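A short worksheet on the structure shown next.
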Amino acid sequence: MLYVDLPTTEELTRLANAREPGSVTIVLPTTKVTQDIGASIIELKNLAKEAVRQLREAAFDKRKIAAIEGQIEDLAGDDAFWAHQATSLALYVTPDNLATFRLPTRLEPLVEVADRFHIKPLIRALAFPDVAFILALSENNARLVEMHGDLPAEALKVDGLPKNMDAAGARAKSRDVSPGGRFQGGAGETFHRRTYARKIDAALRPLLAGRDIPLVLACVDEFDAIYRTVNSYEHLAAEIVKGNPDRLSVSELAESARPILLRLHAGKIAALNEQYLMREKQGRAGADLALVARAAAAGAIDTLLVDIDAVVDGTLDEATGAIAIAKEAGADSYDIVDEIAGLTLRYGGRAIGLRKADLPVATSPLAAIYRYPA
């Protein structure tokens, strides 16, 4: 079983809007290998010490500091929790609550203390979750596989998913497959294969409803063409894992699909950069931190691209967007770039986390596409 907690858009917006003194955000890399998780627990304790240092330096209430420490200590000692981890872990802690998200994206260690949470790690996970479903489809077998980052892939049990054409009640005259993985039989078999594919699509529909995770087909070309005629899922990838999937294990299917997922992500990033450059020529995009902050406060940002690793400590006036850069991190400041992302979400815009190399402007930690000319 894969242990990943991707936040919903509603959860992300709620975290972005939360305001409470002594809000602590901790992010750390983890591992799926339980016997190696001790290093992550030590990392958590060290980051917690830094959070406590900042809280004490800000003269925060001692009892509330103790409450934050206690919650993190309890989590650090929870063996059952640490036995099931993903690639990174994000913690959002107040004196009264601790929320965790296990993420498939590799993230750098981070601690932020302010009157609000740091949400960029979750923005990255939502935009490019490194997650995909793989539908391995042949006359003899139908499997749905889920892959998450560098975690082991897993075959999922799907109610109503037919095991093969016979189980679907579709007559499979050409049940056997040639060594090249191509179907044998006449054109009449198309009808039976389409019936089979339609039942598969119906079984997947409840699981995929409302999701935007890519679905990658693994099949021979004939089944690819047939399945697309009945597919109802919007995010079916155009590229497939070619060949007879019956010969591939779950892990081999995931390894074959991973380059397809990476190309999908690269295509999205390229499209975003192209859109930014086009809007910039129209006066509807910019990357100046101060100007983007004012646009965010005015609800003028349609799409915000942010460097998830860059941190600019300071404060931002939510009414005017005016920013003040801090000399160093502390409980009386926060990441301005993160706050701009939160304001963008609050006003119904999109905030997308990227790596620095993927931003359209190399000299800025963000780039904004506006709803109207600036």
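The values are calculated or read from the model by the stated rules, or taken from the named source; none is laboratory data. None of these values were measured; they are calculated from a predicted model. No Cβ is skipped: glycine too gets one built from the backbone with ideal geometry, and neighbour counts run over all protein chains shown.
Quick notes on this one:
- For the range 28-43, the criterion of being touching a helix residue (DSSP H, G or I) at 6+ places or on another chain (Cβ under 6 Å), outside the structural domain of ASP332 (by TED's automatic domain parsing) and closer than 21 Å to ILE308 by Cα is met by at least one residue.
- Checked against the criterion of being in contact with a Lys or Arg (Cβ under 7 Å, 6 or more places away or on another chain), closer than 22 Å to ILE340 by Cβ and not assigned by TED's automatic domain parsing to the domain that holds GLY342, the candidates ALA18, ALA76, ALA86 yield just one match: ALA18.
Condition check ((1) within 29 Å of PRO29 (Cβ to Cβ); (2) surrounded by fewer than 23 Cβ atoms within 10 Å (Cβ to Cβ); (3) at pLDDT below 95) across all residues:
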position: ARG279; (1), (2), (3): no, yes, no
position: ALA296; (1), (2), (3): no, no, no
position: ILE323; (1), (2), (3): no, yes, no
position: ALA341; (1), (2), (3): yes, no, no
position: TYR372; (1), (2), (3): no, yes, yes
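- Criterion: over 29 Å from GLY149 (Cβ atoms) and in contact (Cβ under 8 Å) with a residue 40 or more places away in the chain - qualifying residue of ALA341, ALA329, ALA324, ALA293: ALA293
- Among the criteria (1) assigned to a loop (DSSP other than H, G, I, E, B); (2) touching a Pro at 6+ places or on another chain (Cβ under 9 Å); (3) crowded, with 22+ Cβ neighbours inside 10 Å, the one PRO129 does not fulfil is (3).
- Residue selected from the range 198-234 under the condition among the polar types (S, T, N, Q) and part of a loop (DSSP other than H, G, I, E, B), by the criterion surrounded by the fewest Cβ atoms within 10 Å (Cβ to Cβ): SER232
- Residue tally, condition closer than 21 Å to LEU264 by Cβ and modelled with pLDDT of 95 or more, over the range 119-142: 5
- Top-ranked residue of the range 298-318 - restricted to ones that are modelled with pLDDT of 95 or more and of a type in the set (Gly, Ala, Ser), ranked as farthest from TYR334 (Cα to Cα): ALA300
- Residue list for the range 107-126, restricted to those being aliphatic (A, V, I, L, M), surrounded by fewer than 24 Cβ atoms within 10 Å (Cβ to Cβ) and more than 22 Å from GLU43 (Cα to Cα): LEU126
- Which numbered condition GLU189 misses (of (1) out of contact with any Lys or Arg (no Cβ under 8 Å at 6 or more places or on another chain); (2) surrounded by 15 or more Cβ atoms within 10 Å (Cβ to Cβ); (3) at pLDDT below 85): (1)
- Flag if GLU139 is in a strand (DSSP E or B) and touching a residue at least 40 places away in the same chain (Cβ under 8 Å): no
- When restricted to residues that are touching a residue at least 60 places away in the same chain (Cβ under 8 Å) and under 16 Å from VAL131 (Cβ atoms), the range 217-236 contains 0.
- Selected residue (criterion: farthest from GLY353 (Cα to Cα)) from residues of the range 298-321 that are β-branched (Val, Ile, Thr) and surrounded by fewer than 19 Cβ atoms within 10 Å (Cβ to Cβ): THR320
- Considering only residues in the range 249-277 that are in a helix (DSSP H, G or I) and among the polar types (S, T, N, Q), the one that is surrounded by the fewest Cβ atoms within 10 Å (Cβ to Cβ) turns out to be SER251.
- Single unsatisfied condition, VAL4 versus (1) in contact with a His (Cβ under 8 Å, 6 or more places away or on another chain); (2) at positive phi: (2)
- Pair list, Cβ under 6 Å, 6 or more apart: the range 242-271 residue farther than 21 Å from ALA142 by Cβ, other residue of a type in the set (D, E, K, R) and at pLDDT 95 or above: ILE269/ASP358
- Listed by position, the helices (runs of 4 or more DSSP H) inside the range 1-106 whose residues that are more than 17 Å from the chain's Cα centre (by Cα), free of Cβ contacts under 8 Å to residues at least 24 places away in the same chain and exposed (fewer than 14 other Cβ atoms within 10 Å of the Cβ) number at least 2 are 38-57, 62-76, 79-82.
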